[in-house]
1. Give me D for the stretch 12-64 in µm² s⁻¹, whole number, from Stokes-Einstein with Rh from the Kirkwood sum over alpha-carbon pairs, 37 °C and 0.692 mPa s.
2. How far apart, in nm, are two points set 7 Å out from the Cα along the Cα-to-Cβ line at residue 175 and at residue 287?
3. Would you mind finding the longest exposed-site-free stretch of the chain, with exposed chymotrypsin sites (Phe, Trp or Tyr not before Pro) meaning DSSP loop and at most 12 other Cβ atoms within 10 Å?
4. Would you give the gap between the C-alpha center of the stretch 1-70 and the C-alpha center of the stretch 174-245, rounded to a whole Å?
5. Along each of its three principal axes, how wide is the spread of alpha-carbon positions in the stretch 177-249, in whole angstrom units, largest first?
6. With the cut-off at 21 Å, report for the stretch 85-205 the share of all Cα pairs above it, as a whole percent.
7. Measuring from label point to label point, each 7 Å out along Cα→Cβ, what is the residue 16 to residue 134 span in nm?
8. Tell me, what are the semi-axes, in whole angstrom and largest first, of the equivalent ellipsoid of the chain as set by the roots of 5 times the Cα gyration tensor eigenvalues?
Amino acid sequence: MTVPLLRTEAVSKTYRMPDHLGRLVLDHLDFTLGDGEIVAILGKSGSGKSTFLRILAGLVPPSDGAVEYRGHKVTEPVRGIAMVFQSYALFPWLTVLGNVELGLEALGVSGAERRRRAVDAIDVIGLDGFETAYPKELSGGMRQRVGFARALVVNPDVLLLDEPFSSLDVLTAETLRGDLLDLWDANRIPTKGIVMVSHNIEEAVEVADRILIFSSDPGRIRADIPVALPRPRTSESAGFRQIVDQVYTLLTTVPGRDGRRGARPEPIGIGYRLPDASVQQLSGLIDSLTEAPYHGRADLPQLADEENLVMDELFR
């Protein structure tokens, strides 16, 4: 059997609180990352997603359990694993080239080799011509590209992404996400596996081969959902929407009233996502819409006025 890129066995993390009581954040997580795989992690705030990513990176030690990278135990940051943070985390007094070279300098790479590799990484990530610029002179999307270049320049086997697109506007995030997938699909980066923390369900379905759903208090892996859709993926496809809906349902329902580990989710009734409106109201509204003067299309404020409905009632 091939050795996975990353493996965790019964990883738990407890933080000591100011009242000296321990708070269990992660509870017995078993996880593997295979070669050529992208895994997304979704869960509510406070479910321990970022903590788990830092444990994988060797930045934070687990309280219990073990982490292995290519069969070797991880007890500190190791070569082969790089991380892109949610914040840009750039040194403002260094240029783009200086920020990208920093990791190579820490590894003891010679100056000429550092510069060559940094320039190549900057070019690959789409920042050619900005080598001498400072972070304050760059847009948010360009700063995050520097973060990606800094991570990729060390030729990592595993790339860990902690909500790397969340601080960007929608269009910039979509562009950067698409560029990363293009590099991955074309094998233009040496990375063999990616683990990405996200709050965006559609982003996870677009990018990942598997989606892990974390439950909260403490964080556990509630579900492991495969995404067997060919790339590029379109959000309008039936398969895409089906997985989005499955993930949404898991994120918005509780595992069981007693909260026991392994308890089956409470069943969702047919009315779970239907509006809180009576059948008579819906029927009357449809009748009005189909007749003159609307013939199926209506301006909402005018319709609300004609039907004597306040807007909140009309939306339902």
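Please treat every number below as a calculation from the coordinates, not as lab data. Computed from a predicted model, the values in this text were never measured in an experiment. Here the Cβ positions follow ideal geometry from the backbone for every residue, glycine too, while neighbour counts run over all protein chains shown.
1. Here the translational diffusion coefficient equals 264 µm²/s.
2. Going from the residue 175 label point to the residue 287 one covers 5.2 nm.
3. 94-271
4. Centre-to-centre (Cα) distance: 19 Å.
5. 39, 28, 17
6. In whole percent, the share of Cα-Cα pairs in the stretch 85-205 beyond 21 Å is 34.
7. Result: 4.1 nm between the two label points.
8. Its equivalent ellipsoid spans semi-axes of 42, 28, 18 Å.
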